[in-house]
Amino acid sequence: SMNARAPFAAVLLLLLLASPAASWGLRLPQLPRPLRLGRCSASIRMVSAVEQYRLTPKLLETVEGLRSLPDDKMRYKQLLYMATQCADLDAVHKTSENKVPGCLSTVHVIGELRDERVYFQGDSDGQLTKGLVKLLVDGLSGYTPAEIQVVDAEFIKHAGLGASLTPGRNNGFLNMLAVMKRKA
């Protein structure tokens, strides 16, 4: 009967919602009103990465791209590729004022406010770190200081990078984001 299948449907729906839809290539719609299953009613709403981590649209695009890669090795390769796309920072900007503290690699970041939006440039002497710099520079440039201030560093885990970064690189990443927020 229909009532006997309702609990099964509810469990199946919850399992689908609990698993990462992006890994299946699915885009699940947000439910505008409570979902009714048999005699029970439940309001189910997925929290998007934008809401959870307060990502800029560009940062979201990069994070979801990294998330869609099949494994850590591919994500590392993508970061190394991103490093090759990062322009070298002019030596005049490689000052102690622009140096990110607490990084194992040497990292410099500058920010410039134009038309109420911040534009960053950065560089690192380590390739993987330079890829992280590129991720942040591209993901945060062109946004307002307020939009940059609210970005939650935990997004790096959502991108599939948090567990595979060494503690030193993770600390460096957190420091890079903190410096960029301070410069915004």
Filter result for the condition that a residue is open to solvent by 70 Å² or more (accessible area, probe 1.4 Å), at pLDDT below 90, over 15 Å from the mean Cα position of the chain (by Cα) and not basic (Lys, Arg), over PRO32, PRO70: PRO32
message: open to solvent by less than 40 Å² (accessible area, probe 1.4 Å), assigned to a loop (DSSP other than H, G, I, E, B) and modelled with pLDDT of 95 or more: which single residue out of CYS103, CYS86 fits that description?
response: CYS86
field: Qualifying positions in the stretch 150-169 - touching a helix residue (DSSP H, G or I) at 6+ places or on another chain (Cβ under 9 Å) and open to solvent by less than 50 Å² (accessible area, probe 1.4 Å)
entry: VAL151, ASP152, ALA153, PHE155, ILE156, HIS158, ALA159, GLY160, LEU161, GLY162, SER164, LEU165
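Condition check ((1) more than 19 Å from PRO57 (Cα to Cα); (2) assigned to a helix (DSSP H, G or I); (3) in contact with a helix residue (DSSP H, G or I) (Cβ under 7 Å, 6 or more places away or on another chain)) across all residues:
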{"residue": "VAL118", "(1), (2), (3)": "no, no, yes"}
{"residue": "LEU128", "(1), (2), (3)": "yes, yes, yes"}
{"residue": "ILE148", "(1), (2), (3)": "no, yes, yes"}
{"residue": "ASN171", "(1), (2), (3)": "yes, yes, no"}
{"residue": "VAL179", "(1), (2), (3)": "yes, yes, no"}
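The values are calculated or read from the model by the stated rules, or taken from the named source; none is laboratory data. All of these numbers come straight from a predicted model, not from anything done at the bench. Neighbour counts run over all protein chains shown; Cβ positions are idealised from the backbone, glycine included. These accessible areas exclude ligands, DNA and RNA; they are computed on the full protein's heavy atoms, side chains included. Shrake-Rupley method; radii C 1.70, N 1.55, O 1.52, S 1.80 Å.
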